[in-house]
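**Student:** What follows is a single structure, and I will ask about it in a moment.
The values are calculated or read from the model by the stated rules, or taken from the named source; none is laboratory data. Not measured: the values here are computed from a predicted model. Note that we place each Cβ from the backbone using ideal geometry, even for glycine, and neighbour counts take in every protein chain shown.
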Amino acid sequence: MYINNIKFARNNQQQKGVLDLKKLSRVQEIDDYTGEIDYELTGFVDKLNRPTLSLRVYGTIHTLCQNCLQPMDVAIDNTSKITVFFSEEDLDAALFADAGSGVEDGVVAEEEFDVMQLVEDEIIMLLPYATKHETCVGMSYADKAENPFEVLKKII
Ligand SMILES: [Zn+2]
C-alpha cells in the first residue's frame, strides 16, 4: 500500500489495517512470532505547519518464555509521531542538529510512500526480546538439558 505522504498528512487522511506477523518476513527472520497487529495511520499538520503522520500499532504478540519455553503473550500499544520533510537534509537537521525541533521521528516526502514498510519497521522496534513469564515456575532450559556427565556414564 502506497500513499503520497505529504497529501495524506495535509488532507487528514486515515488508513487502518491488520497485519499477520507470520507474513512479515523481516519479523520472522528475528524469531517465529505470531499474532495479528492492528495499525492506524492518521495524517495531520502540526503546530509548525509540518505534515505529520501519527502511527498507532497495537495487538498481542505470541512468543515463547525464554525460561520455560512455553507460550506467552505480550501486548503492545504504541503511537509514534513521524514528521514528513521535503529533503534528507531537513530531516537530518531536525533529528540530529536542532534539539528544539520537537521531532521524534521523520521520513522524507514521497509520492509513493510504502505504508507496510513503515508499519513493519515500527513492529520490529516493539518486538519483545528475551521475554519471561513474570512469575515463571517452569524449569529453565539448562536444567532440562541432560547433564553431559550423565550421558557419558550411560555410554561407558
Ligand atoms: Zn515461563
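**Student:** Just to be sure before I move on: is SER25 surrounded by 13 or more Cβ atoms within 10 Å (Cβ to Cβ), under 21 Å from TYR129 (Cβ atoms) and among the small types (Gly, Ala, Ser) in the structure I sent?
**Tutor:** When the stated conditions are applied, SER25 does not pass them.
**Student:** Consider THR42 carefully, then state whether it is modelled with pLDDT of 95 or more and surrounded by 15 or more Cβ atoms within 10 Å (Cβ to Cβ).
**Tutor:** For THR42, the condition - modelled with pLDDT of 95 or more and surrounded by 15 or more Cβ atoms within 10 Å (Cβ to Cβ) - is met.
**Student:** Oh, and also: Quick one: would you say THR83 is surrounded by 12 or more Cβ atoms within 10 Å (Cβ to Cβ) and touching an Asp or Glu at 6+ places or on another chain (Cβ under 6 Å)?
**Tutor:** no
**Student:** Which of the residues belonging to region 11-52 are free of Cβ contacts under 8 Å to residues at least 60 places away in the same chain and either touching a Ser or Thr at 6+ places or on another chain (Cβ under 7 Å) or aliphatic (A, V, I, L, M) (or both)?
**Tutor:** GLN14, VAL18, LYS22, GLY35, THR42, PHE44, VAL45, ASP46, LEU48, ARG50, THR52
**Student:** Hey, which of the helices (runs of 4 or more DSSP H) in region 51-156, taking only ones fully inside, have at least 1 residues that are within 28 Å of LEU21 (Cβ to Cβ), modelled with pLDDT of 95 or more and more than 24 Å from the chain's Cα centre (by Cα)?
**Tutor:** Passing ranges: none, list empty.
**Student:** Can you name the residue in region 115-137 that is touching a helix residue (DSSP H, G or I) at 6+ places or on another chain (Cβ under 9 Å) and of a type outside the set (A, V, I, L, M, F, W, C) and, of all such residues, is surrounded by the most Cβ atoms within 10 Å (Cβ to Cβ)?
**Tutor:** It comes out as GLU120.
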